[in-house]
1. Counting only heavy atoms of the protein chains, get the accessible area per residue of the chain (1.4 Å probe) and round it to a whole Å² value.
2. Report, in debye and to the nearest 20, how large the dipole of segment 1-95 comes out about its Cα centre when Lys and Arg carry +1 and Asp and Glu carry -1 on their Cβ.
3. Quote the charge dipole size of the chain about the Cα centre in Debye, to the nearest 20; the model charges only the Cβ of Lys and Arg (+1) and of Asp and Glu (-1).
4. Taking H placed 1.01 Å from N in the peptide plane, check which residues at least 5 places from Val159 or on another chain put their amide H under 5 Å from its amide H.
5. Mind checking which helices in the chain clear 30 Å along their axis (Cα) and have mean Kyte-Doolittle hydropathy of -1.0 or more, DSSP H runs only?
6. Starting from 0 in steps of 10 Å, tell me what percent of the Cα-Cα pairs of segment 77-150 lands in each bin.
7. Val10 to Ala37: extension gain in nm, 0.36 nm per residue of separation minus the Cα-Cα distance?
8. Rounded, prolate or oblate for segment 110-191? Axes are the square roots of the Cα gyration tensor eigenvalues, ordered a ≥ b ≥ c, and the cut-off for rounded is a/c under 1.5.
Amino acid sequence: MPSSVLDDPVFAVPRCPADCSGVAWLRGSVARFSEGADHARRRRLVDELLSGLVVDPRPGGDPTAMLLVALGLPEHLVADVASAAASYHPHLPATPEADDAVERLIAVCGGHNEVTAAKLCVLVQAHTATRALITHMLRGGDGPPIPSTRRVGPRGETVEVDLSGAPFGSGPHACPGRDLAHRLAQAAMRR
């Protein structure tokens with residue numbers, strides 16, 4: 001399905017019911033899996049976070065570690081971010097390890113609130129996307145580093161959306177971290 005679906009309000013992001021802990025709490029608390037007023041409010045928090053973020057691009061450094069430091073968090077949390085990222089999307093199983101990792105991240109980010117959710121949203125999404133971007137750039141690829149995303153159609157059907165024409169998405173859910181991903185990827189690839 002073409003990327004024009006991303007601009008069509010008939011197709012929504014997969015919505016995740018709110019929960020009190022772990023991966024389910026994260027999914028239910030981020031802009032990525034919300035619409036309407038919830039999305040607008042949560043996206044504003046992400047945009048504010050990104051606008052004030054100063055990343056020290058360490059040549060050859062781990063992109064997630066660089067991002068953690070920029071957010072004032074300890075680098076050793078890279079493994080927890082990776083675990084959370086592996087279960088982040090609703091079509092993936094939420095493992096007990098990922099639930100535990102999310103709870104540790106929540107504890108160091110300030111508790112169960114939307115500011116914490118914004119930080120974790122940036123960390124988890126940047127972790128996967130930046131690594132894919134690095135691999136893509138090293139291979140000289142000309143397509144999107146992440147080839148597709150999902151939307152839910154008007155009859156509740158899951159629609160796989162090809163990102164060839166919009167590598168960082170489009171519409172209200174376009175990736176707000178495009179520039180950040182490129183800065184992190186370029187720093188990580190420098191030796």
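1. 48 Å²
2. 160 debye
3. 360 debye
4. The list, which skips near neighbours in sequence, is Arg151, Val152, Gly153.
5. Helices meeting the span and hydropathy rule in the chain are 114-138.
6. With 10 Å bins starting at 0, P(r) equals 19, 46, 27, 8, 0.
7. 8.1 nm
8. Oblate is the answer for segment 110-191, as a/c is 1.5 or above yet b/c matches or exceeds a/b.
The values are calculated or read from the model by the stated rules, or taken from the named source; none is laboratory data. Owing to the predicted nature of the structure, the values given are computational and were not obtained by experimental measurement. Here Cβ is always computed from backbone atoms with ideal geometry, including for glycine, and neighbour counts include all displayed protein chains. Accessible surface is based on the protein model in full, side chains and every heavy atom, while ligands, DNA and RNA are left aside. Shrake-Rupley method; radii C 1.70, N 1.55, O 1.52, S 1.80 Å.
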